[in-house]
Amino acid sequence: MAVPLPNCAVSTNDAQLFQFSTGIQHLAESRRFKAWFLDQFGVLHDGKKPYPGAISTLEKLAKSGANMVVISNSSRRASVTHEKMRSMGFDPSLFLGAITSGELTHQYLERRDDPWFASLGRSCIHMTWNDRGAISLDMLNLF
């Protein structure tokens, strides 16, 4: 039997409940999915605070045995993502980890086991938004 698609309409209006909860409850109870990849910004929070019901929904998912991973196209490392989530009230222990574009890039630049990354060399220019702060390039042996 096919599991119906969830109603995942997320509303930023605090007066409404986080619709994500009602849509995924059936999926969580089915135990059909072992891994849950959850985009953080725009799905779990708005960058400053969690969407209403997001934290309680994640707690219910965890109790149902869901293995959850935060994903993001953020240039930040996974540890920064965990700290950001914690600062907004999310319990980092609910997640198996975080996958960010910044973390993956850092790992590939550190290992250099991929031919494309190995071919980049060690001399680089790093550009980022000044008001967000520098992104750690420690341990990469660049410049």
Given the residues Phe33, Phe90, which is the only one that is modelled with pLDDT of 90 or more, among the aromatic types (Phe, Trp, Tyr) and assigned to a loop (DSSP other than H, G, I, E, B)? Phe90
Tally, over segment 41-56, of residues that are in contact (Cβ under 8 Å) with a residue 12 or more places away in the chain, at positive phi and out of contact with any Leu (no Cβ under 9 Å at 6 or more places or on another chain): 1
Single unsatisfied condition, Ser87 versus (1) over 11 Å from the mean Cα position of the chain (by Cα); (2) among the polar types (S, T, N, Q); (3) closer than 27 Å to Trp129 by Cβ; (4) surrounded by 14 or more Cβ atoms within 10 Å (Cβ to Cβ): (4)
Output the number of residues of segment 38-84 satisfying the condition of being more than 9 Å from the chain's Cα centre (by Cα) and outside any loop (DSSP other than H, G, I, E, B). 18
Would you mind stating whether Pro115 is of a type outside the set (A, V, I, L, M, F, W, C), at pLDDT 90 or above, surrounded by fewer than 12 Cβ atoms within 10 Å (Cβ to Cβ) and out of contact with any Gly (no Cβ under 8 Å at 6 or more places or on another chain)? yes
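Any residue at all in segment 46-69 that is within 25 Å of Leu109 (Cα to Cα) and of a type in the set (A, V, I, L, M)?
To start, the set of residues in segment 46-69 that are within 25 Å of Leu109 (Cα to Cα) comprises 69.
Cutting the leftovers down to of a type in the set (A, V, I, L, M) gives us 69.
Yes, that holds for at least one residue.
The values are calculated or read from the model by the stated rules, or taken from the named source; none is laboratory data. Keep in mind the model is a prediction, meaning the values are calculated, not measured. Don't worry about glycine lacking a Cβ; one is built from the backbone with ideal geometry, like all the others, and counts go over all protein chains shown.
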